[in-house]
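A short worksheet on the structure shown next.
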Amino acid sequence: MTKPLAKSCIAELEQLFDVRSIVNAADPDQVMAEGGDTIRAIAGGKVSAAMMEKLPRLEIIANEGVGVDTTDVPAAKARGIAVTNTPDVLNIAVAELAVGLMLALARTLPEADRYVRDGEWAKGLFPLRSQLHGKTVGILGLGRIGKEIAGRLEGFGMNIVYFGRQEQPGQPYRYFGDLVEMAKASDWLVVIAPGGKATERIVSQAVIEALGPKGRLVNVARGSLVDQEALIEALASGQLGGAALDVFEQEPGVPPALLALSNVVVSPHMGSRTEEAREAMGRLVIDNLVAHFEGRPLPSRVA
C-alpha cells in the first residue's frame with residue numbers, strides 16, 4: 001500500500017491479502033526490500049519505474065484516484081503490469097468543491113468571515129462583491145467531472161463553454177478549439193483536465209492574460225496545468241482578477257508570494273477528500289485487485 005486509504009478499505013485489504021504498507025514508513029525502501037520478491041500488487045499509486053524494478057513479481061497497480069500521472073504508465077505497460085484507476089466515484093465531490101471555490105472567490109467568503117470575527121462589521125458594511133449568475137465560464141476538460149461542474153453551474157444561470165482536444169457530439173455547450181480564444185470569451189476558467197506532459201502548463205501566460213483583469217481562474221485538476229509563476233505575476237499586477245486553487249506545482253508547498261495575495265482562495269488538494277468519495281474510491285481499488293486475482297476483467301483498467 002503506497003497511499004493512505006479509508007480505514008474500512010484497509011481492514012478489508014488486510015482480510016483479503018498479506019498487506020505491507022510504506023505509508024509513513026521510516027524506510028520505504030527497506031519495506032520493499034524485505035518483501036519485494038513476493039509483492040504482486042500495489043494499492044494506492046505514486047509508482048515510479050524505479051519502484052517497479054524493486055518488485056519483480058508486480059502484476060497490478062490499483063491507483064486510488066482518477067489521474068494516473070503519478071504512476072509511470074509506460075514503464076508499467078512495458079512490464080505487462082495492469083494499471084487501474086477510480087473514475088466516477090469522486091466526480092460529485094470534486095464538482096462540489098469547484099463550485100464552492102468559485103463562490104468563495106466571487107463573494108470573498110474567507111475575507112467576509114474575518115470581517116465579522118474581527119469586529120469590522122460594526123464599523124461599516126462589507127463591500128459589494130460579484131455573483132456567478134449571467135457570467136460565462138469556460139471549462140478546460142469536459143470529461144466526467146467537467147460535466148458535473150457544468151451541470152451545477154447551469155443551475156447558477158451561468159453560460160457554459162468548453163475547450164478540449166476535440167468537440168464532443170451532443171453537448172449543449174459551445175466548443176472552442178483554441179484555449180486563448182475561450183479565455184477571452186470567459187469570465188471564469190475552470191481547469192479540470194488530466195495531468196501529464198500533454199497538458200503541462202497548458203494554462204500559459206497567454207491564456208492567463210486573455211482572461212483579463214476581471215477574469216478568474218479555478219484549478220481543481222493538477223498544479224502542473226498552470227504556469228504558476230505567470231499566474232502569480234498576473235494576480236499581483238492586476239492582469240488577472242482572481243484565482244481559486246486546490247492544487248499547486250509542488251505540493252504541499254505553496255509559494256509565499258501566492259499566499260500573500262488578497263485575490264486568491266486556496267485549499268489543500270481536497271477535491272475528493274470527502275468520507276463518501278474516499279470510501280467509494282477504496283472500494284473500487286479493492287474491486288480491481290480482487291478481479292485481477294480471480295482472473296476476471298478489471299472494472300476500471302486504464303493500461
Length-normalised contact order for region 38-101 - Cα pairs under 8 Å, 6+ apart - percent: 31 percent
Projected-area average for the chain over all orientations - Cα convex hull basis, square nanometres: 17.9 nm²
The chain: most fluctuating residue of Gly67, Gly177, Gly138 per GNM, C-alpha cutoff 10 Å: Gly177
Residue-span extension gain [Lys184 to Ala49] - 0.36 nm each, minus C-alpha spacing: 44.5 nm
Bridge type composition, the chain - antiparallel percent by DSSP, nearest 5: 5 percent
Helix-only CD estimate at 222 nm, as mean residue ellipticity for the chain, using -39500 (n - 2.57) per DSSP H run (n ≥ 4): -10500 deg cm²/dmol
Potential extension, Ser204-Ala303 segment - 0.36 nm per residue separation minus Cα distance: 32.7 nm
The chain: relative contact order as a whole-number percent, Cα under 8 Å and 6+ apart: 18 percent
Region 171-234 - Rg over Rh from alpha carbon coordinates, Kirkwood radius: 0.94
Between helix 7-16 and the chain: long-axis angle, C-alpha atoms, 0 to 90°, nearest 10: 20 degrees
Förster-model FRET efficiency, 25 Å R0, Leu259 and Arg152, C-beta, rounded to 0.05: 0.35
Computed FRET value (nearest 0.05) for Ser237 with Glu294, which takes r as the C-beta separation and R₀ as 51 Å: 0.30
Relative contact order of region 30-155, defined on C-alpha pairs under 8 angstrom at six or more residues apart (%): 19 percent
The chain: angle of helix 275-293 to the longest principal axis, Cα-based, in degrees nearest 10: 30 degrees
Whole-Å distance, taken between Cα centres, linking region 135-200 and region 109-129: 33 Å
Using alpha-carbon coordinates, inclination of helix 228-237 to the longest axis of the chain, degrees: 20 degrees
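No lab work stands behind these numbers, since they all come straight from the coordinates. Predicted model, so just to flag it, every value in this text is computed and none were measured. Cβ sites come from the backbone with ideal geometry, for glycine too, and all protein chains shown count toward neighbours.
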